[in-house]
Every structure is written in structure tokens, then in C-alpha cells.
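In what follows, a structure is listed as C-alpha cells, so that the remarks can point back to it.
Computed from the coordinates by the stated procedures, all read-outs in this text should not be read as laboratory data. This one's a predicted model, so the numbers in the text were calculated from it and none came from an experiment. Counting neighbours? That spans all protein chains shown, and the Cβs are built from the backbone with ideal geometry, glycine included.
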Amino acid sequence: MTGPAPVADDRLEALFAPLRGMPRVVLAVSGGSDSTALLVLYARWAALAADVPPALVATVDHALRAGSAAEATAVGRLAARFGLDHRVLVWTGEKPIADLQAAARDARYERLVEAARVAGAAAIVTAHTRDDVAETFLIRLGRGSGLAGLAAMGTRRRLDEIEHIRPFLALSREELRASLVAAGIGWVDDPSNEDPRFTRARVRRLMPGLAAEGLDAARLAATATRLARARAAIDWMVDRLARDALVVSPGGFFALDPAALQGAPEEVALRLFSRALTAAGGGWYGPRLDKLEAAFAAVTAPAAGDLRRTLAGAVVERRGGRLWIYREAGRAGLPEATLAPGRRIGWDGRFVVRLAAAASSPVVVRALGPGARARLAPLAEKVPAAALATVPAVWRDGHLVAAALPLAGDSGAGDSGEESSAVMFEPRFLWN
């Protein structure tokens, strides 16, 4: 019995068609078989077709095991062989003990998005395959996920202003490996893929037995794809509910009407609640369904008075007939970053902040902090002070220049209106 055939040249145009017309793209390449095939097949497409977007190959070194730096260097050599630029993005700092793989995933995408911004790229391209779809389906099934979690990952999504493209979701891992074998190119097998401490590794060991019962990767992925159609219908209903139940502040916080939520189908109300939590908390992914359901039940109960809950990096505060949802500052507080003229940075996972090239000097981006209400123009509603304290602002030499909400006339801002207009705050939730 012959194995899967390599990916044929005549399939490349259809696979990479979503990238047409982009000024530049970032290829996420770890050195494993799937991502190495992405590099090789993209280079092959560029050799065969005209007007292919230039690509930057980016390798995230999570610095979690010996040899990761050498593997990143090897990817750089392969990229150079095909005439592609390469950057190594290192995950520095203290690593969490709990849920390490999820934290590594979030760190990976944060660095890839920032690399795309710096490179002027419109998209990040990853090599997720049909096997990844099937494995993710089983992992989430085991966790008790609902429709949103079980539905298949899509071929494209937004990561702030950057697109995330997954061109290989209809391909198997074996097809990609066959392509590398045919090209005479090797790859590195990440030991964590075989480490039974990790859920995905344990699920991969189950796959041959499931396939023998008819539950192979293709069938599981097809089920997840059908569930994605159902999720799209729910998302349409969530959008309609949001128009009636959700107030969005450009300062990065939200207000929900509990009565409107209670009048909607529970699944639709839960999804809107999850969206607001995810946006306010600055994360890429929503909270676990069991935690989401418990928090939703607590804050929407008809008898519930004023109360406060935290979830997914956000605070939910029931006050005055509203559910206020805003960033949880945490013990370490919110980040502080320097922004140079003509540059943009991602801030706190919630905003992209830009400073015009004509600005006179760098600025510091940080939250308004205590006393925020006095610095801001009067608001239509009595917003919790803790929510206002999380609003991003720009400072120069200790003087407040601008904020994501209008400033009061006596805010203490020491710079001219021209300097204030040089700053732009772009909330992530407008893209995501």
C-alpha cells in the first residue's frame, strides 16, 4: 500500500490564493514537519508564479528546552537557502507552571503579530493541518466544550489588524511530510509531541485506534467543519443581540444589559458574554465553558444585587442595572511602554497605539490609573472608577498628552492639541 503523495505543483495556487495582493506575509516556521513544508511549498509557489508576496520566515523560540535555539538557527539556514528573510522571536521572562502549552501559544501569537506589524506584513501564515483540526476537536470534546469550542478552526481569522491564514487545513500531515521527503529536506520532531504530560500528545496516541473504528482524522475534521457552520449561525444571532444589549466604549470596557441577555437564547447570550470578556481581558481565546457558565449564572440571576467577579483577565461588575466588563489590572498592574514617532505598538492585548512621525519626541503608553475620572471629560453614565483606570493614555515628561477617551479641559495635559492629535488608539475589538 502506497502512502500519501506529495502536494502537487498545480495545487499551490489554490492553497495560497488567500495571500494574493498582500504587501508581505509572515510564515510561522518552527522546524517541525508541517511548518517546514509551509516554507518549502511557499518557496516553490514563488518560483512558479508571478507577483507572490514577499515572505518573512519567523521562528518563535519558546526557550523551554535545550536545543531550541539551535533549531531556530537551522530554520534560518533553510530560509536563506530559498532566498527568504528570517527572524527569531524569543519568549523571554518567567514561564508559568500551570497550562504551559496555552501560555506558550498565546506568547507565540503575540510575537508573531508584533513581527508582522514591524515587517509591514498583512498576514501570518501557519501550517495547521486536518490532523490538527481532528486533535483539537477531541481535546475540546474531552474538556466538555460547547459548539464554539468544537467547531473547526477556520482558514482565516483576525489577530488585531493582521490576518491569520491557515492554507493547509484540507491537507494531512502525511501529505506534507511526503512533500519534504520528495524534496530531500528533513525536519525536527518536537519531543513535547510525544510527551504524555501534554494532552495533545496523549490524543495523538489514540488516533490509530480511533481510525480503526472509523473515527479517522478526516472524519473527525469533517464533523468539526459541519459544527463550524452551526457556529456561524450562532455568531449571526450574537451580532444581532449585541446591537440591543451591548454598549462598547472606545476606552476598552463594555456594558451589558442583563435583562436583554435573559431574554435571549442562553447559548447566544453566553457567546456575547464571552466576547466581551475576551475583548476586555486582552486575550486571544475566551474562557473555559464551565467557568463561563458559572460566572454568567451568578451575574445574571434576577435576585443578584451588586456583585463582582473576575474571569479571563477581566472584571464583571454588576452595578445599577448594568454588567460592566473591564480589564483586571492584577497585582503587577497594566503594562508601560515607550512609543517612538512614526511607530505603533500593541498595548495590553487590547489596543494598538500609533504615534505620528511628525510628533516631537517619544511618549510613554500606560493606563490612566487612579484619579482617571477627574482627567476625563464627563461621561453619560456612572462608569466604575476601576474601569476608567484601565483606559490607555499617552504621557510625555510626566504630562498627559492623550487618552482613548476625551480628556477634561483641566486634565493637566501639558502638550498642545496638535501633539494630542498625533496619537491614535485602535481597539482590538474593532478587528476581532
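Observations, loosely collected:
- Cα gyration tensor shape for the range 242-327, rounded if a/c is under 1.5, else prolate or oblate: rounded
- Residues whose amide H lies under 5 Å from that of residue 31, counting only those 5 or more places away or on a different chain, are 36; hydrogens are built 1.01 Å from N in the peptide plane.
- Proximity of backbone amide H atoms, modeled 1.01 Å from N, is registered between residue 61 and 89, 90, 91 at under 5 Å, excluding neighbours fewer than 5 places apart on the same chain.
- Peptide packing for 339-347, 260-268, 320-328, 43-51 was compared via the average number of neighbouring C-beta atoms within 10 Å per residue; ordered from the highest value, the list is 320-328, 339-347, 260-268, 43-51.
- For the chain, hydrophobic long helices are taken as DSSP H runs at least 15 Å long by C-alpha position along their axis with mean Kyte-Doolittle hydropathy of 0.0 or more; these are 33-48, 68-81, 130-142, 173-183, 217-245, 266-281, 289-300.
- The ranking of 19, 215, 38, 256 from fewest to most other beta carbons within 10 Å of each one's beta carbon is 215, 19, 256, 38.
- Projecting the Cα atoms of 402, 353, 191 onto the charge dipole of the chain (Cβ charges, centred on the Cα centre) puts 191 farthest toward the positive pole.
- Computed over the alpha-carbon pairs of the chain, the distance histogram in 10 Å steps reads 4, 19, 27, 26, 17, 6, 1, 0 percent, short to long.
- Rg followed by Dmax, in Å, when the range 167-302 is reduced to its Cα trace: 20.8, 65
- Distant-in-sequence amide H partners of residue 391 (H built 1.01 Å from N, under 5 Å): 368, 369
- Computed over the range 21-165, the P(r) tail beyond 26 angstrom holds 28 percent of alpha carbon pairs.
- Dipole size of the chain about its Cα centre, with +1 on Lys/Arg Cβ and -1 on Asp/Glu Cβ: approximately 440 debye, rounded to the nearest 20.
- Beta bridges assigned by DSSP with both partners in the chain are antiparallel in approximately 70 percent of cases.
- Cβ-based exposure ranking for 136, 73, in which fewest neighbours within 10 Å come first: 73, 136
- Size of charge dipole - the range 242-327 - debye, nearest 20, with Cβ of Lys, Arg +1 and Asp, Glu -1, no other charges: 280 debye
- Rel. contact order, % - alpha carbon contacts under 8 angstrom, at least six apart, the chain: 12 percent
- Centroid-to-centroid, using Cα positions, the range 111-190 and the range 296-313 are 35 Å apart.
- Debye, to nearest 20: dipole size of the range 1-157, +1 on Lys, Arg Cβ, -1 on Asp, Glu Cβ: 160 debye
- Relative contact order (%) - the range 45-162, alpha-carbon pairs under 8 angstrom, separation at least six: 21 percent
- Cβ crowding within 10 Å ranks 421, 35 as 421, 35, fewest other Cβ atoms first.
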